[in-house]
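Everything on this sheet refers to the single structure shown next.
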Amino acid sequence: MMRFLTMLGATLAIAAAPQAAYACKGAPADDGSNEYTICPEHYPADAPRFEDYPARPYTGPVAAVRLHGDHEARLYRSRLREAAKSQHPNFAGHFILAHWGCGSGCSMNKIIDARSGKVFHPAGVESNVVVNIDDSFFDNGGTLRYRPDSRLLVLIGDPEEDENRRGISFFEWTGTRMKLLRHVKVPSGN
């Protein structure tokens, strides 16, 4: 079975390895915390699929980022402008999912409408912490998974740095906000 992943505008095809090939079994993390490592075994066989949330890829011009009246977008104007200049729409048809590091194990996420330049600050997925995650996720697509031809976003980690939401989350982009489809909570060590 092949899975497709888009990161920073490049689409990669990766072979989905059988779950039995992974050594990770959801064991407690080795950092002294009571968190468990997020492992491939946690990824549900019946998870939402990219194909089930289609979007028509956009190949037109990318509009300049609109900053007027958006205080938060102005705070990240350099990152947003760079994403709009250097990337083609990589998410949900005519959107650019821009993300960058915001500290150790943290990423910030914004969505730019390539047609209008409007910036969206997707509540629930604006940031993600990727601590105690099995290395195989990084080798096989990363912790933020999306495609230009799909409205589905898969986030692995702690959305919004919220340990209570730790696990694997599946969202649908509606065009203005993220809608949670499913959350697979990782067992805690408590």
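Below are the figures for this structure:
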quantity: Count - residues of the range 146-171 that are assigned to a helix (DSSP H, G or I) and among the basic types (Lys, Arg); calculated: 1
quantity: Residue satisfying condition, being free of Cβ contacts under 8 Å to residues at least 60 places away in the same chain, more than 30 Å from residue 47 (Cβ to Cβ) and buried (at least 17 other Cβ atoms within 10 Å of the Cβ), within set 73, 64; calculated: 73
quantity: Residues located in the range 32-53, provided they are modelled with pLDDT under 95, surrounded by 14 or more Cβ atoms within 10 Å (Cβ to Cβ) and not in a helix (DSSP H, G or I); calculated: 35, 36, 37, 38, 39, 43
quantity: Test: residue in the range 130-147 that is of a type in the set (A, V, I, L, M) and more than 18 Å from residue 185 (Cα to Cα); calculated: no
quantity: Some residue of the range 21-31 being modelled with pLDDT under 95, outside any loop (DSSP other than H, G, I, E, B) and surrounded by 14 or more Cβ atoms within 10 Å (Cβ to Cβ); calculated: yes
quantity: Single unsatisfied condition, residue 167 versus (1) surrounded by 13 or more Cβ atoms within 10 Å (Cβ to Cβ); (2) at pLDDT 95 or above; calculated: (2)
quantity: Leading residue by the ranking (farthest from residue 69 (Cα to Cα)) among those in the range 116-135 that are in contact with a Gly (Cβ under 7 Å, 6 or more places away or on another chain) and of a type outside the set (S, T, N, Q); calculated: 133
quantity: Candidate set: the range 145-178, residues that are among the polar types (S, T, N, Q) and free of Cβ contacts under 8 Å to residues at least 24 places away in the same chain; chosen: the one nearest to residue 101 (Cα to Cα); calculated: 164
quantity: Some residue of the range 137-159 being closer than 20 Å to residue 44 by Cβ, over 10 Å from the mean Cα position of the chain (by Cα) and among the hydrophobic types (A, V, I, L, M, F, W, C); calculated: yes
quantity: Flag if residue 78 is over 29 Å from residue 41 (Cβ atoms) and without any contact (Cβ under 8 Å) to a residue 40 or more places away in the chain; calculated: yes
quantity: Among (1) at pLDDT 95 or above; (2) surrounded by 12 or more Cβ atoms within 10 Å (Cβ to Cβ) - the single one residue 7 does not satisfy; calculated: (1)
quantity: Any chance residue 181 is within 13 Å of the chain's Cα centre (by Cα) and outside any loop (DSSP other than H, G, I, E, B); calculated: no
quantity: Restricting the range 105-144 to residues that are in contact (Cβ under 8 Å) with a residue 24 or more places away in the chain and of a type in the set (Phe, Trp, Tyr), the residue that is surrounded by the most Cβ atoms within 10 Å (Cβ to Cβ); calculated: 137
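The values are calculated or read from the model by the stated rules, or taken from the named source; none is laboratory data. Remember, predicted model here, so these are calculated numbers, not experimental data. Reconstructed Cβ throughout: ideal geometry from the backbone, glycine too, with neighbour counts over all protein chains shown.
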